[in-house]
1. Over the whole of C:42-48, what's the average partner chain Cβ count within 10 Å per residue? Rounded to a whole number, please.
2. Treating only the Cβ of Lys, Arg, Asp and Glu as charged (+1, +1, -1, -1), what charge dipole size does the range C:1-114 show about its Cα centre? Round to the nearest 20 debye.
3. In Å, what is the Rg of the alpha-carbon atoms in the protein assembly as shown, and how long is Dmax?
4. Averaged over peptide D:62-74, how many Cβ atoms belonging to another chain are found within 10 Å of each residue's Cβ?
5. Compute, for C:Ile193, the solvent-accessible surface of its heavy atoms (probe 1.4 Å) with the complete set of protein chains present, and express it in square angstrom to the nearest 10.
6. What is the magnitude of the charge dipole of the protein assembly as shown about its Cα centre, with +1 placed on the Cβ of each Lys and Arg, -1 on the Cβ of each Asp and Glu, and no other charges, expressed in debye to the nearest 20?
7. Go through A:Arg110, C:Arg176 and list them by solvent-accessible area, largest first, probe radius 1.4 Å.
8. May I ask you to evaluate 6.51 cos²θ - 1.76 cosθ + 1.60, the Karplus curve with θ = phi - 60°, for each residue of the range A:15-22 and list the ³J(HN,Hα) values in order in whole Hz, giving x for glycine and proline?
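The values are calculated or read from the model by the stated rules, or taken from the named source; none is laboratory data. Quantities reported herein were computed from a predicted structural model and do not represent experimental measurements. Glycine gets a Cβ as well: all are built from the backbone with ideal geometry, and neighbour counts include every protein chain shown. With ligands, DNA and RNA removed, areas are computed over all heavy atoms of the protein, side chains included. Shrake-Rupley method; radii C 1.70, N 1.55, O 1.52, S 1.80 Å.
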4 protein chains.
Amino acid sequence: MIRFPLIVLNFKVYPEVIGENSIKLAKYAEEVANEYGVEVAVAPPITILNRVVNSVGIPVFAQHVDPYLPGSWTGSIIVEMIKESGAIGSIVNHSEKRVILSDISIIIKRLKENGLIPLLCTDTVETTRAGAALYPDILAIEPPELIGTGISVSKAKPEIVAGAVDVVKKTNPSTRILCGAGISTGEDVAKAIELGTEGVLLSSAYVKARDPKSILTSMAESAIKTWEKNQSSR
Amino acid sequence: MIRFPLIVLNFKVYPEVIGENSIKLAKYAEEVANEYGVEVAVAPPITILNRVVNSVGIPVFAQHVDPYLPGSWTGSIIVEMIKESGAIGSIVNHSEKRVILSDISIIIKRLKENGLIPLLCTDTVETTRAGAALYPDILAIEPPELIGTGISVSKAKPEIVAGAVDVVKKTNPSTRILCGAGISTGEDVAKAIELGTEGVLLSSAYVKARDPKSILTSMAESAIKTWEKNQSSR
Amino acid sequence: MIRFPLIVLNFKVYPEVIGENSIKLAKYAEEVANEYGVEVAVAPPITILNRVVNSVGIPVFAQHVDPYLPGSWTGSIIVEMIKESGAIGSIVNHSEKRVILSDISIIIKRLKENGLIPLLCTDTVETTRAGAALYPDILAIEPPELIGTGISVSKAKPEIVAGAVDVVKKTNPSTRILCGAGISTGEDVAKAIELGTEGVLLSSAYVKARDPKSILTSMAESAIKTWEKNQSSR
Amino acid sequence: MIRFPLIVLNFKVYPEVIGENSIKLAKYAEEVANEYGVEVAVAPPITILNRVVNSVGIPVFAQHVDPYLPGSWTGSIIVEMIKESGAIGSIVNHSEKRVILSDISIIIKRLKENGLIPLLCTDTVETTRAGAALYPDILAIEPPELIGTGISVSKAKPEIVAGAVDVVKKTNPSTRILCGAGISTGEDVAKAIELGTEGVLLSSAYVKARDPKSILTSMAESAIKTWEKNQSSR
């Protein structure tokens, strides 16, 4: 359904992604994905999610989804809505959209029941162990204090990334693990994969880049190269 | 920009409105609006808002919008997003999506600065007086205990509707006032307008009707007839 | 620090526990605890927590605590406050006071660092597995749909209680496990302990009883008897 | 019930106010109040509220209260609890503990019905106009961006203070108005009263002062002097 190594581009709701720009940024991502054979997914603003799905062939995630069943929940975003829009899954519990524990569990369950992929965000080794126990398909560890800083978690806090990889593999080996926060260069991506992750989650380094395609190209190359090295050394 | 009397159809996220059904329900609304010369607006789920805008010529509202400026707010819905999608405005502070006071104020201000219409929901005469002091273009009083019951606020609690009309007109005469909760028939709409409102906000009575177009037709006829009687008696 | 089997009496903020009544209900609990040699703890309203501590010798829990360090958090309840008041620990993430995952983790850590006992509430086997991964000293599984119903979780949903016991012991054997929701009689307590729990969490059955001491006596007797049977059969 | 000019000291949950220090800081406040004939109220952490009430004769406020009636609301702080503890009223909607509009209205109503004083916080002229429409006994305007900065709202943003005074007096003349944020010196207090307020709300400048009593003395002198000048010039 989705391949690894995986680069997830979270567009957030930056000024750079309102409207057609999201489609342009998604198309760049698709071009790089096709050229380098690396899986790249995008998470555009919810209002343009369906238009992005219709414009590109790469996986598209929602940035957030609520736990509710269809019903009287004015203003909510439910699983059936993002599925109908063509999303392949949803980010869950991003540090900018935290969710109570019981709802995280419901959201993961509802996404899976609807054939969608939960990508759960956590912030520490402890919450990663707890999150992995909810069996998400993908888990991304993102220490929030590094988000948007350009200081890569994979270089600044390798012990947290390695610790998260370790607890995820012990708790639920079938959960795939990414890391995020400050990922800005190909080198950051390489380091992340060397630490045992299966990809990265990033945002501003791509969305706000003067040349997003070039940044992503460098990350894709690093991802594939490091990934293959890891595989052959196993 | 928007005319009165006004019937706002809040689609919520009922099973009946996921996907193309929203477009069908919006088209019925447009047909009735055109035939009877009454303004009908729809508020579809956020993921299909843009598609509804592209399918009909009637005003389309978002069901909720967050107070943030464009930036790193993963999973949020900001004013620029709903504007780009073609919404004419947004419901604010619906009883199923309550907002803190300071954010209500920011949302109303940001919507207006972007040329969009805030439709503020309140629940009592007291909160209506407070809400009117924030100068929304439209205010809808909806006692939450009647929402979805089929017991119309205009018949069951006329004193609350009349009280809300009174405080709105005293606080800010240019704010237009609707009422909602339990509105199910043309008679409920007539009663609402007799009490001084300038329209209604409803949801399940339309969305879940076996024949939504027929229900709306009866409401539109009642709205126009009562409205004209009110006007001529002034 | 705390002994098992354990009966935790959550006073909530029922009309029956405002003011001195909390002290009376805590004293009854102490009398039963002393008479039957079973550990009984109480969780009174936060405003009377210190007075209860000063009135009885049994363990006293806070009902909730916030994750913040001392600082500018007007209106919050922090770990240092409940410690200074003499609490032995705090309920965390009660179904009536849910907390985001990252804060649950911080609260558990801060309680332990301050020598206090976290009593984490969860609602399903899944969230129990996640919660146990945060290594709370005590975990109580409480399916919220049974809270306050008088239908005991231990009789109505034994598979959930047994499932929770199982995942807790697999995840972190040193976490003690209680169950709650609908616990109303000595028989309910016996059944809970037979299923592998080490006590119960209850509220209205004690607080709202015509004769709270008599109800608690029956529970204490059942708890001790079933506990000893369990021990001897191991 | 309470006199003006009024100085309200919000203790927040600073390290300086955990435990007995709150009582010491409340006693200093009482000494200054008695010596200078100015009304000084304190808002200590909720766990020590009752002990402060029992230690001093000055008015004591809660920092926050929830809207609920007595019942199954584990971890909440309800009006009956703070009343039983001897509080004279409660801060409502502090910028560090924001509340949804409908709950602000309920809290104000419930406090008044229980003979307690709501002290509502707002942040702008707009939310002050809305807040005043809910008829709180006291309203404090506090632009959150100045809180804790030592830059006084009364000097840095006199137009906001004057604007708030104006809308409060127009909306509900019987609501008393304070200002807060950055109030650090007697001069700040004088300026606040010159702008038409009836007192101030402050926190760190008192709580974290090397000599809190001396700071408060200077504020009390300024308050009384400016107040009397204002009165005689009317």
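1. Across the residues of C:42-48, the mean count of other-chain Cβ atoms within 10 Å is 6.
2. In total the dipole reaches around 200 debye.
3. 29.3, 89
4. Working: counts 2, 4, 4, 1, 2, 0, 2, 2, 8, 7, 12, 8, 16.
What the average comes to for D:62-74 is 5.
5. Surface open to solvent at C:Ile193 totals about 0 Å².
6. 0 debye
7. C:Arg176, A:Arg110
8. x, 5, 10, 6, x, 4, 4, 4
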